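Down below is the structure, laid out as structure tokens.
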Amino acid sequence: MSKAGRFSLDRLGILWMIATLGISMFPQLLSMPVHLVPITLLPIAWRLLAEFRHWPPVPIILRIIATIIAVTALVMTFGGLMGRSAAVSLLVLMLSLKLLETFSVRDVRVVTSLSLFLCATQFLFSQGIMMIIYIIASLLSALISLMYAHRREAFEGLSEAPDTGRDLFTELSFGMRLMVLALPIGLTLFMLFPRWSSPLWGVPEDALDARSGLSDSMSPGSIQGLFMDDSPAFRATFQGSLPSRSDLYWRGPVFWDFDGTTWKAGYLIRNLLADSKPELKRAQFRYEIQMEPTEQRWLFTLDYPALVPTGTRLSMDYQLITNQPITQLRTYAMASDPGFRDNPDLKLPLLRAALELPQGFNPRTARMIAEWRAETPSDGAMIQRALAYFNQQNFHYTLNPPLLSRHTVDEFLFNTRQGFCEHYASAFTVMMRMAGIPARIVTGYQGGWYNNLGSYILVRQSDAHAWSEVWSKGTGWIRVDPTAAVAPERVEQGSVDSLAQRRHMLDFAWLLHARNTFDLLQRGWNNWVVAFDSVKQSRLFTNFGWGFFDSMKLVIAMIAGILVAAAASFLLMPLILKLRSSRHQDPLVRLWQKFNRKLGKAGFTTNPSMGPRELATMAGGQLKYADEGINRIAELYILCRYSPTDGDPAELAALIKGFHPPQQS
């Protein structure tokens, strides 16, 4: 290691480096398993203490042991290093452990630079508009850290770098100006860098890991867990009139198989294609959906989809299933016909699947349904009796229902009688199958919030819902929502407003309304930044009449654009870097600059390289009538600057104010 890499760093430089690392790893810390967070924070805490208590670096043997422990804990937690969460968590741990040996300028550069790389990895998890604040904070902190490191290196021979007198505002201001200089080149790269078939933020399939949202199975509590999540699921923009709230059932995964606790789709059923679909001309609703990444293979639509987007198939239970997981923002046009008849003649294998139940589960429910069936032979009357049972008995729609064990339906119907939508949908579907009525469960979302400013419906994860469908010959599948029999306000008012209690301490109606309104900015960010793909890039040039740009033309345009942007940044550099509020400038410097401006008006051109005495000699020789005044001002400025006890700034200000040489005509 070079000599420049072993001297002690200024404390502010170390603190800004740690701040940079802390800002960059903050989003990952929020999502990391709880037991990994202390392992990550301990090296940071040690480095802070070492700075203030002047501790030496940790011995190498201890660093090796700490690394082995951290990596072992990480591998045991994630089962390996594959996947985004595991890989980024490994980077966070390694950067944290790096602080145990960070006592050199070189190490500060490494940690700061890799912190910026860590910051960039967060785009694999989120592309929200709030990322702008996160990126700016990380960049500013990193620039200040690097400035302190280079400043320390510039004064290598001194035990301590001299105080520059620059306050926090000045450092942040300079960092912001450096970012402004880089902005033209950054925008050029964003607009002209050749895109492939997807935006820049696409994720390879083998890098996927869990993401919140609906899953391919349903058990008690699975949808309830989404109720606390207010992140957007998708946005829908309608052509013409909006559907009523009772029509806003966004269809997702459909479940047929039940093992006593968990509902699943069934492999064979999911891979059967629909025999027919609604006619497009009869579709009552036409709309466009902007769907957030789910890492799953289904799209959401209203019943029933009349369009099948490219790369998607329509299953026999009218799920839209994609060929690849949705790992990036996806926008698709859709049309729906709620009056379409879904499988009025159900094939025998599907009929059996819709009646199948596991043996040895829920005996009390089976006895009750057998009694009901003997008294109620009509399927329609049986359905109404079950709904009346939910409505008239002491059932409660609640966010925190008791846990259920083996006989989930028995315990729910006869003991707890408290549940979320999945409890009611599961119990009702089991009851129907026990009565000999084919039934299945549909999961998705219900409702949404209409954004008046953007004229679209925002559906959040907290709008997740489950309902049932029953089948009758000649009519087909019919939606039945047993939750609405217990809590009709769930459909009429929405998921959040249907509960009397608040979900958390910040769950205020006005705050949620503000978030929903603010989503308009997020939608614009999605349209113009996140979803800026090859199609939009080509369309951008078409709007200027330049026709289609292939990859070669884009590369040429990009190079030309970078050169133009670099030239613009170079020309603006002196102005931007010197831009500074006068109130934060040294008063003596302001007085001297004022004096130089007066000399310039008198016809004498000053040079920044001139010292005060040299300037006085040359200006006095050229402006002889002002020789004594110039010399006196120069000498007094030297005293004020370098011998404050002997100089009087007030006298200097008075002399400069009274200095009025004739201006050059």
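Which order, highest average first, do 329-336, 16-23, 179-186 follow once you tally other Cβ atoms within 10 Å for each residue and take the mean per peptide? Don't skip to the end; give the middle numbers.
Values: 329-336: 19.2, 16-23: 23.1, 179-186: 14.6.
Descending mean neighbour count gives 16-23, 329-336, 179-186.
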Amide H neighbours of PHE285 at under 5 Å, excluding residues fewer than 5 places away on the same chain, with H built from the backbone geometry, are SER336
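Report, in deg cm²/dmol and to the nearest 500, the calculated mean residue ellipticity at 222 nm for the chain, where each DSSP H run with n ≥ 4 adds -39500 (n - 2.57) and the sum is divided by the residue count. Could you put the intermediate results ahead of the total?
Working: 22 runs with 311 residues, N = 665.
Mean residue ellipticity at 222 nm (helix-derived): -15000 deg cm²/dmol.
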What residues have an amide H closer than 5 Å to that of ALA233, excluding those fewer than 5 places away on the same chain, when H is modeled at 1.01 Å from N in the peptide plane? VAL459, ARG460, GLN461
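If each residue of separation counts as 0.36 nm, what is the full-extension length gain between GLN359 and PHE508 once their alpha-carbon separation is subtracted? Display every interim value, and only then the final one.
Values: separation 149, 0.36 × 149 = 53.64 nm, distance 4.59 nm.
Gain in length upon complete extension: 49.0 nm.
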Based on the mean of other beta carbon atoms within 10 Å per residue, what is the order of 277-288, 413-424, most packed first? 413-424, 277-288
Under the 7 Å Cα-to-Cβ spin-label approximation, TRP55 and THR121 lie apart by a distance in nanometres of 2.5
Percent breakdown of C-alpha pair distances by 10 Å bin, ordered from the shortest bin, for the chain: 3, 12, 17, 18, 16, 12, 9, 6, 4, 2, 1, 0, 0
Just need the relative contact order of the stretch 217-510 here, percent rounded to a whole number, with Cα pairs under 8 Å and 6+ apart. 24
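If the chain between SER219 and THR72 were fully stretched, how many nm would it gain, using 0.36 nm times the residue separation less the Cα-Cα distance? It would help to have the intermediate numbers written out before the result.
Working: separation 147, 0.36 × 147 = 52.92 nm, distance 3.25 nm.
So the extension gain works out to 49.7 nm.
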Pair ALA381, LEU588: separation of 7 Å Cα→Cβ label points (nm): 10.3
The chain, relative contact order [Cα under 8 Å, separation at least 6], %: 13
Give the order of THR645, THR121, THR72 when sorted by the count of other beta carbons within 10 angstrom, beginning with the fewest. THR645, THR72, THR121
Diffing the stretch 56-71: the Karplus 3J(HN,Hα) column from phi (6.51, -1.76, 1.60, θ = phi - 60°), in whole Hz with x for Gly and Pro, holds x, x, 5, x, 4, 5, 5, 5, 5, 5, 4, 5, 4, 5, 5, 5
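Sort ARG151, ARG440 by Cβ crowding within 10 Å, fewest neighbours at the top.
ARG151, ARG440
To the nearest 0.05, how large is the calculated FRET efficiency for LEU168 and ILE65 if R₀ is 51 Å and r is the Cβ-Cβ distance?
Values: r = 38 Å, r/R0 = 0.75.
Efficiency, from the Cβ-Cβ distance: 0.85.
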Translational diffusion of the stretch 586-658, µm² s⁻¹ [Kirkwood Rh, Cα pairs; Stokes-Einstein; 37 °C; 0.692 mPa s]: 270
Derived scalar couplings ³J(HN,Hα) [the stretch 120-135; Karplus, 6.51 cos²θ - 1.76 cosθ + 1.60; whole Hz; x for Gly, Pro]: 5, 5, 5, 5, 6, 9, 8, 10, x, 5, 5, 4, 4, 4, 4, 5
Going by amide H atoms built from the backbone, whose H comes under 5 Å of the H on GLY603, apart from near neighbours? GLN664
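Just to verify a number: FRET efficiency for ASN607 and ASP646, C-beta to C-beta distance, R0 = 30 Å, to 0.05? Show your work: numbers first, answer last.
Details: r = 27 Å, r/R0 = 0.90.
That gives a FRET efficiency of 0.65.
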Longest principal axis of the chain (C-alpha) makes with the long axis of helix 587-601 (C-alpha) an angle, in degrees to the nearest 10, of 60
Hey, fewest Cβ within 10 Å first, where do GLU635, GLU371 land in order? GLU371, GLU635
Put a dot 7 Å past each Cα toward the Cβ at ASN452 and TYR267; how far apart are the dots in nm? 5.3
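Just so you know, all these numbers are worked out from the coordinates, no wet-lab data involved. Everything numeric here is computed off the predicted structure, so don't read it as measured data. Cβ coordinates were reconstructed from backbone atoms using ideal geometry, including for glycine residues, and neighbour counts include every protein chain displayed.
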